[in-house]
2 protein chains.
Amino acid sequence: MSLTVVGSIALDTVETPWGKNEEGLGGAATYCSLAAANYTRVHLVGVVGDDFPGEHVRLLESKSIDLEGLERAPGKTFRWTGRYYKDVNRRDTLDTQLNVFEDFHPKLPQDARDAKYLFLGNIHPSLQLEVLEQAHAGFVALDTMNLWIHTTPTELGKVLRRVEVLIVNDSEVHDLTGESNTIRGARAIRDLGPRIVVVKKGEHGCLLLDEEGMFAVPAYPLGDVIDPTGAGDTFAGGFMGHIARQDRTDNLTLREAVVHGSIVASFACQAFGPNRLAEITMSDILSRCDAFRAITIF
Amino acid sequence: MSLTVVGSIALDTVETPWGKNEEGLGGAATYCSLAAANYTRVHLVGVVGDDFPGEHVRLLESKSIDLEGLERAPGKTFRWTGRYYKDVNRRDTLDTQLNVFEDFHPKLPQDARDAKYLFLGNIHPSLQLEVLEQAHAGFVALDTMNLWIHTTPTELGKVLRRVEVLIVNDSEVHDLTGESNTIRGARAIRDLGPRIVVVKKGEHGCLLLDEEGMFAVPAYPLGDVIDPTGAGDTFAGGFMGHIARQDRTDNLTLREAVVHGSIVASFACQAFGPNRLAEITMSDILSRCDAFRAITIF
């Protein structure tokens, strides 16, 4: 079954102690789509400016991603600039230029509306509601951020009541629920709407909570993290991609989906931008899934 | 096979947002011994003052822990006072009084010398060397801390060359090796001596590295962390206890040992001091091991 992905498409400038990547392909919807395209047909919905390089379009097309919902607006593409520290868990945002993203209102073409699975990337909750009005998806996953938790709680609350899955990080769990304990926080989120809560913890792995209880998994151990930008969105792409391909949302499939999400995210961290992610095939993913099983079994 | 545990025995005063525990039983060797006593015969080596409450001695005796190596010195028992925040990963040490611990030199009775397994709790590396001179153990696990890494690197280096296992947390990995990446840091530690490196990450689980590669496991998810004091030493007790009981140190046994360490540590966090830890039996541990398997399987 196909998956619609709505969110940002960006040109990212990333500085790390190991190098710099200027105006590389970025954005939540980009990472998510590239990851999910390994599993299923993806309908990408977002906006770029008239400066968006053709090579990026060709890369997305080469992965058979449906770009009918990729709007080209006059002006400049959304830009983000960030700097990572030697401890890659620490980063500073140096600059954000919304550009064409500022006036973006997602418009879903028919195929994107009809997709059974939908990922709502981290955009303003009122835009996420606009997407939900257009989409017929039976299974919707949501990302958000502390900014919306604090500035638009009412709109976010409405979105939460209409989605199956919330994918967040620890600090978002705490901000959304006021719970300092992640497990209790994840439980509290289920009372806000989502049947399934996924807590991404970066190098520390991932938790999933549904009505059957908790699933916990470490991260794939990486000695060579080059650039973790987009890892969370890549996780979401592997997670939703696996679910859409299996066309199942039972507990076992959700567990496998978390593992697939973790594995594709691990590839994404091993090069600047989506460079490594864009290279991998399902065979690479499955072979790392096997390695992961060997690393975690007891 | 039996296990000798050398380290601090303390009276801890712990404040959390949920309550206060004044002068409760504490200390690394205490937690480690109480955990390991579920698995095997433990020889406890440490020092207490003449103020050490008889009820604590009786608790240790009730677990069949051999107290021949428990020295009673004139003066006051080692005391530690700490305060935890709502986020229990954050704590401040408010006061440390070494008292009788200041002049402590471990003296191992014959049974403690002859034990096949030895845990060197976090004490001055020169004291750890004194223990190694007395002990005949074939398999030694070591704990340390950033203080010794920075102030006594030469002595610590000598100890490292004589132990099989180093059990540390992430920040100690970074300080000991200069590596910001935990995986690379753990690999670098193996070059310093230990065949096996165990990295404790608290609520984020645990990594083990040996010559066969990496084992990664999440923590047992707890919604009710009351007091994490001693969790790391409790982990070491479950880890070494399982190994001593199995009398094996192959990769599969080490993996199981990490799981046992994680499980006993989870119990320790669920009450002030070792109160919950002191109550559990092997049946509680095995039943939580089963639950843990169900939580982590995919």
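The values are calculated or read from the model by the stated rules, or taken from the named source; none is laboratory data. Note that the structure is a prediction, hence the values are computed from the model and not measured. No Cβ is skipped: glycine too gets one built from the backbone with ideal geometry, and neighbour counts run over all protein chains shown. These accessible areas exclude ligands, DNA and RNA; they are computed on the full protein's heavy atoms, side chains included. Shrake-Rupley method; radii C 1.70, N 1.55, O 1.52, S 1.80 Å.
By accessible area, using a 1.4 Å probe on protein heavy atoms only, segment A:82-203 has 45% of its surface on carbon and sulfur.
Straight-line reach from A:LYS63: taking Cα to Cα under 16 Å and skipping same-chain neighbours fewer than 8 places apart, the aspartates and glutamates in range are A:GLU55, A:GLU279, A:ASP284. Any chance you could check the Cα centroid distance between segment A:1-74 and segment A:127-179 for me, in angstrom? With segment A:1-74 and segment A:127-179 each reduced to a Cα centre, they are spaced 22 Å. Below 16 Å, Cα to Cα, which aspartates and glutamates can B:LYS116 reach? Residues fewer than 8 away in the same chain don't count. Here the aspartates and glutamates satisfying the reach criterion relative to B:LYS116 are B:ASP66, B:GLU133, B:GLU164, B:ASP247, B:ASP250. Rolled with a 1.4 Å probe across the full set of protein chains, the surface gives B:TRP148 an accessible area near 40 Å². Need the list of lysines near B:LYS76 for cross-linking: C-alpha distance under 21 angstrom, and skip anything on the same chain fewer than eight residues off. Reachable lysines: B:LYS107.
Do you know the relative contact order of segment A:71-174, to the nearest whole percent, from alpha carbon pairs under 8 angstrom that are 6+ apart? Computed value for segment A:71-174: 20 percent relative contact order.
For chain B, a Gaussian network of Cα nodes joined below 10 Å ranks B:ASP143, B:ASP175, B:ASP87 by mean-square fluctuation, and the top entry is B:ASP87. Accessible area per residue was computed with a 1.4 Å probe on protein heavy atoms; B:GLU61 scores about 100 Å².
Label-to-label distance, A:SER62 versus B:ASP50, with points set 7 angstrom from Cα along the beta-carbon direction: 8.1 nm.
Closest approach of any chain B Cβ to the axis that rotates B onto A belongs to B:HIS204, 2, distance given in whole Å.
Take A:PRO53, push a point 7 Å out from Cα through the beta-carbon direction, and compare it with the same point in every other copy: 6.8 nm, smallest first. Can you tell me which of A:ILE226, A:ILE263, A:ILE167 moves the most in a GNM of chain A? Springs connect C-alpha atoms under 10 Å apart. The residue that fluctuates most here is A:ILE226.
Pairing chain B with chain A buries about 2800 Å² of accessible area. This figure sums both sides and uses a 1.4 Å probe.
Normalised by the number of residues in chain A, the average gap of Cα pairs under 8 Å and 6 or more apart makes the relative contact order 18 percent. Other protein chain C-beta atoms within 10 Å of residue C-beta, averaged over A:206-218: 4. Dividing the summed helix terms, -39500 (n - 2.57) for each DSSP H run of n ≥ 4, by the number of residues in chain B produces a 222 nm estimate of -11000 deg cm²/dmol to the nearest 500.
Shape class for segment B:1-76, computed from the alpha carbon gyration tensor (a ≥ b ≥ c): oblate, with a/c not under 1.5 and a/b at or below b/c.
Taking every protein chain into account, the accessible area of segment A:52-147 amounts to 49 square angstrom per residue (probe 1.4 Å).
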